[in-house]
Structures are given as structure tokens and as C-alpha cells.
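Visitor: I have a structure here, written as C-alpha cells, and I will follow up with some questions on it.
The values are calculated or read from the model by the stated rules, or taken from the named source; none is laboratory data. The structure presented is a predicted model; accordingly, all values stated were derived computationally and were not measured. Cβ coordinates were reconstructed from backbone atoms using ideal geometry, including for glycine residues, and neighbour counts include every protein chain displayed.
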Amino acid sequence: MVIKNKNGWTSVIEVFVSILLISGIIALTINSSTLQKPKISEQIYSSQILTLKIIQIDDELRADVLEGQVSAEINNTIDQTIPNYLECKSKICNFPSECNLDPEAIPNKEIYAKSILITTNMASYNPKELKLFCWEK
């Protein structure tokens, strides 16, 4: 028995290969959309954490926080470590109490907040919370 119509088999193979190619392209598209760059909130939070850690390990900045004042050095550290597309304000509060921005300082934007607790120096135990509020400019 001899196969007379080879064009039919060729068409079946072409359709099968086409289906495989289209399926591969769809699979790559779906996978690449799940591997997007980090969300803006993750970038903002990581910047805030880095800034707060720098303040936490610096003895002079820790002393300023424990005194309850946002010093020029704290503001300079924040300005130098936070990306330019963000605007940030810091607040020092006694622990444990609420630590929120003043209502007139709250912009009409999405606010990202992180805090760090600084509890003591060698002389006294007077825990303070340093909270960093950031939003996009």
C-alpha cells in the first residue's frame, strides 16, 4: 500500500508545529508577566528600612532620637538615603503611644510608613519610636 496524498500529512504536521509555537509564545508571555520588576511599595519600604537602620546604628543619631527631637543630622541622613522621587517626614514619639503625622502635614497621596524602636543608651531607658512617612512627589 502506497500513500498517495502526502500533502495531507504535511498539513497535519504544519498545524501541529504551529500549535506548539503559539503555545510556547503564550507560556513565555504569562511567565514574563509574573517576573515583573518589584512593585513601587517594595522599593519604598526597602529604602525606608535602610534609612532607619542607618539611624539606629549611629550613636549620635540614636541620642537625638532618645532626646525626642528630629535633629538636622537625622533630616540630612533621611535626605541622603531616600531616593529623589520620594518626599519623607519623620516623627519621634514616646513608646507605646500612637505615632501619626499631624493632619495638616498629610498629603492627598498614598503614604508608606515604617518605624523603628530605639530603647536605650548607656545612661537611661527611655524608649522612643522613630517613624518615617514617605510618599511619591
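Visitor: Which condition number in (1) touching a helix residue (DSSP H, G or I) at 6+ places or on another chain (Cβ under 9 Å); (2) among the aliphatic types (A, V, I, L, M); (3) modelled with pLDDT of 80 or more is the one that ILE3 fails?
Guide: (3) is the only condition that ILE3 fails.
Visitor: Can you spot a residue in the stretch 77-94 that is assigned to a helix (DSSP H, G or I), modelled with pLDDT of 85 or more, of a type in the set (A, V, I, L, M, F, W, C) and under 15 Å from GLU129 (Cβ atoms)?
Guide: No, that holds for no residue.
Visitor: Residues that are within 15 Å of LEU130 (Cα to Cα), among the polar types (S, T, N, Q) and modelled with pLDDT under 85: does the stretch 43-62 have at least one?
Guide: No, the stretch 43-62 contains no residue that is within 15 Å of LEU130 (Cα to Cα), among the polar types (S, T, N, Q) and modelled with pLDDT under 85.
Visitor: Please go through the stretch 114-127 and give me each residue that is touching a residue at least 24 places away in the same chain (Cβ under 8 Å) and within 24 Å of the chain's Cα centre (by Cα), ordered by number.
Guide: Those that are touching a residue at least 24 places away in the same chain (Cβ under 8 Å) and within 24 Å of the chain's Cα centre (by Cα): LYS114, SER115, ILE116, ILE118.
Visitor: Quick check on the stretch 58-76: of everything there that is among the small types (Gly, Ala, Ser) and in a helix (DSSP H, G or I), which residue is farthest from CYS93 (Cα to Cα)?
Guide: Here the answer is ALA72.
Visitor: If you don't mind, there's one more thing I want to ask. Are any of the residues in the stretch 39-54 surrounded by 14 or more Cβ atoms within 10 Å (Cβ to Cβ), farther than 16 Å from ILE111 by Cα and of a type in the set (Val, Ile, Thr)?
Guide: There is at least one residue in the stretch 39-54 that is surrounded by 14 or more Cβ atoms within 10 Å (Cβ to Cβ), farther than 16 Å from ILE111 by Cα and of a type in the set (Val, Ile, Thr).
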